[in-house]
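Only the coordinates and a few stated rules stand behind these numbers; no lab work does. Being a predicted model, the structure only gives us computed values, none of them experimental. FYI the Cβ positions are ideal-geometry reconstructions off the backbone, even for glycines, and counts take in every protein chain you see.
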Amino acid sequence: MTEPVPIACTLTPAGLRAQARRWDQLTGRDLTGRTETADGLRLRFRPEAEAELRALVAVESECCPWATWTVTAGTGEVTLDIRATAGGAAVLHEMFRTAPAVPSGARASASSPGQARSGTRR
């Protein structure tokens with residue numbers, strides 16, 4: 001039987017701040033939509049955000065293995081699906097609570113998920 005992965009982040013405080021800044025920049029510039037799901041979150045971005053999004057997800061997959069981070073490039077957008085079990089979904093909702101739910105094609109505000117992270121145990 002495998003042990004459950006704790007809902008916690010392994011980044012150092014400096015690493016967490018740097019990662020949060022990167023999320024702030026990306027979501028402020030390229031986020032086009034946000035949808036909470038029962039097991040996590042779906043974020044949609046402009047296609048030009050793909051490289052940076054994949055780089056962020058590579059870090060998240062290492063430091064927060066309690067969640068599954070999946071990037072999918074589609075026609076006209078890049079989607080990030082983040083899923084977790086049990087209490088992990090609520091943590092994801094909180095981490096990205098300031099990423100606004102915006103209609104596809106609309107510009108997201110400058111508030112971002114990084115701001116929610118500083119006070120959230122990852």
Quick calc, segment 1-73, dipole around Cα centre from Cβ unit charges on Lys, Arg (+) and Asp, Glu (-), nearest 20 debye, gives 260
With +1 on each Lys and Arg Cβ and -1 on each Asp and Glu Cβ, and nothing else charged, work out how big the dipole of segment 32-100 is about its Cα centre, in Debye to the nearest 20.
160
Under the classification rounded if a/c is under 1.5, otherwise prolate if a/b is larger than b/c and oblate if not, where does segment 33-85 fall, given a ≥ b ≥ c as square roots of the Cα gyration tensor eigenvalues?
oblate
Per-selection Kirkwood Rh - segment 1-95 (Cα, Å, 1 d.p.):
13.8
